[in-house]
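Derivation of every value follows stated rules applied to the coordinates shown; laboratory data play no part. Here the structure is a predicted model, which means the values were calculated and not measured. Reconstructed Cβ throughout: ideal geometry from the backbone, glycine too, with neighbour counts over all protein chains shown.
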């Protein structure tokens, strides 16, 4: 039987305003993680009932530790940000890995473009590490305050292009502006970020006639496919739901852009 | 120690069930919970045809609970009978199917199809979902309407019928009596309480549906009170639910008059909650030397 597991907080530091970099070590070795999968983080505060779905940023080489990079978006992530290694609050409780990740085999040996916007950047790191392809990475930040988080980590695995809304670093504008300006040729796209960015990525992939795998986000409750809270509209009747929508938590969070109506 | 209970002639190995809509058809939770240990799996509501449900966001967390406005998304009775029933048949647990519809005819169609399925032990009729515009709660907020649909379903049902009641009423006892007089074999309560959350930063409703059903520990005292009032109004058995997180919560419902309990929103807070609740009930029985679980039902005193 699968269970929630306890995990020790090894590191938890602010790497940009309100953005935290956390390494955790579950007491049991984790099942294999696919890039793009996520974990549910359960909180100490019992008034906060639901697990927070947080994408996995990186897995240690020996698969004993996980890295998550998250933004404080509310009371739950705020509580997470207060945790310190050996703070006496015991372990963090997590469930996972959950969902399906990015399909690595589709990009193997090809020219892959990895696109991340804001807090959608973290899952690209494990993807960049594991994807056996010619990789170009485009990341977008709001402004110079947040610009640069995870940039050096990503640069180990491919050429990184940066866009900032205010133009303080890299291309002025969004990731699509950077892509059009730098014009890296690609056979396949992998993306995670805010919905307007994903819509633009989908349109770009259609224009170029290439596949795009996008990671979606939605308010979740169970995280395991039971509650049907986090659905996305699909273009065809989905085999599980038998209607035109799919569960982001279990059928996703990564979908081929053409499958979903975003 | 005997945890068995009997509701409308159906014997359950223990009183722990799953609240409809929080447990799918058991498939998703079979990875976390030994379904053989549960008294019953109560499935997500199923209609005569597939329902796509409401737009997202469909869920929002609130203090001590959550709001949902899923809108009864379901794959329809055909897929349900082909896929979900064969899956559930593999386990040594009772299957209770929750039935939803927009019209009386919709409900009857599903009830008749399920009548041909011997693996279905009981039917639970959803007349209390606050998140769909037609059907559902429209039948559950008026005693005459509740009575009418109960009678019609009883005319067609081959399994015992549980009417799932809404807390969004003035007098739960009146509704409980209406269902009993119309022939219901059991009652389950409470469904979610209609609520609302506003995101003050965006100045938008947290749910696309604007309103949603509140569930979780925040509603437990209301649920216990309503189970108590319903239990005193009717003779038919009651399945109690509303924020049950552990054995102590479950015992509270039993003492208030419930014959069984369902775990709902707390499945999301810990996928193993159903087993935690069962273990907790057994610990309570051992600690207080309760030989038969049925001795606890309605045993609260002044």
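Of note:
- Peptides B:79-92, B:59-72, B:270-283 ordered by packing proxy, namely the average of other Cβ atoms within 10 Å per residue, highest first: B:59-72, B:270-283, B:79-92.
- Size descriptors for the range A:5-98 (Cα atoms only): Rg and Dmax, in that order, 12.1, 36 Å.
- Mean per-residue shielding of peptide B:29-41 is 2, counting Cβ atoms of other chains within 10 Å of each Cβ.
- Cut-off 19 Å, label 7 Å out along Cα→Cβ of residue B:151, residues of the range B:158-195 by amide N: B:158, B:161-164, B:174-186
- Once the mean of 1/r is taken over each pair of separate Cα atoms and inverted, chain B shows a Kirkwood hydrodynamic radius of 18.9 Å.
- Calculated [222 nm] ellipticity per residue, helices only, for the protein assembly as shown: -6500 deg cm²/dmol; basis is -39500 (n - 2.57) per DSSP H run with n ≥ 4, divided by all residues, nearest 500.
- FRET efficiency, 1/(1 + (r/R0)^6) with R0 30 Å, evaluated for residue A:84 and residue B:34 via beta carbons: 0.20
- Inter-site label distance for residue A:169 and residue A:106 at 7 Å from Cα along Cβ, in nm: 2.9 nm
- Estimated FRET transfer efficiency when R0 is 35 angstrom, pair residue A:208-residue A:11 (beta carbons, to 0.05): 0.35
- Overall form of chain A: oblate. Here a/c, set by the Cα gyration tensor axes a ≥ b ≥ c, is 1.5 or more, and a/b is not larger than b/c.
- A crude spin-label estimate for the pair residue B:203 and residue A:180, with each label 7 Å from Cα along the Cβ direction, gives 3.1 nm.
- Average beta-carbon neighbours from other chains, 10 Å sphere, peptide A:42-50: 5
- Three principal axis extents describe the C-alpha atoms of the range A:105-215; from largest down they are 36, 29, 22 Å.
- log₁₀ of I(q)/I(0) at q = 0.26 Å⁻¹ - the range B:1-77, Debye sum with one point per alpha carbon: -1.17
- Size-normalised alpha-carbon gyration radius of the protein assembly as shown, reference 2.2 N^0.38 Å: 1.02
- The mean number of partner chain beta-carbon atoms within 10 angstrom of a residue's beta-carbon across peptide A:69-76 is 1.
- Distance between modelled label sites at residue A:240 and residue B:300, nm, 7 Å Cα→Cβ extension: 3.9 nm
- Sites residue A:132 and residue B:235, calculated FRET efficiency, Cβ-Cβ separation with R0 51 Å, nearest 0.05: 0.15
- Relative contact order computed over chain B (Cα-Cα under 8 Å; 6+ residues apart), in percent: 20 percent
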